[in-house]
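First up is the structure itself, then whatever we jot down about it.
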């Protein structure tokens, strides 16, 4: 037997997901306030975003070339889709950039990681 999703329930979850994204609060805080389980939140997020091709995740990295390598003491800023901002020296190695981006990949929005 195939279980079909109630369109009204799907709409409620779409609205919840959008509300959490718009407010920029941690999933744990949002779920506690709304009295829903985090497991349900993540399950519905996966179902809804996975079902909507317009919500397909963008590539994690895109090629970037720093044109003036003689600039020292300058910082680059990388704003992640989650809203987190990573600030690094221009001369950072790719490994440092990857580690900093990974460290900033949590749920908290507008988090800034500097090296």
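Taking a ≥ b ≥ c as the square roots of the eigenvalues of the Cα gyration tensor, an a/c ratio of 1.5 or more together with a/b larger than b/c marks the range 7-55 as prolate. Counting neighbouring Cβ atoms within 10 Å and putting the fewest first, the residues 82, 28 line up as 28, 82. Once both labels are positioned 7 Å from their Cα atoms along Cα-to-Cβ, the gap between residue 37 and residue 80 label points is 2.7 nm.
Ordering 49, 17 from the fewest to the most neighbouring beta carbons within 10 Å gives 49, 17.
Every number here is computed from the coordinates shown, using simple stated rules; none is lab data. In this text, all values refer to a predicted model and were calculated from it rather than measured experimentally. Here Cβ is always computed from backbone atoms with ideal geometry, including for glycine, and neighbour counts include all displayed protein chains.
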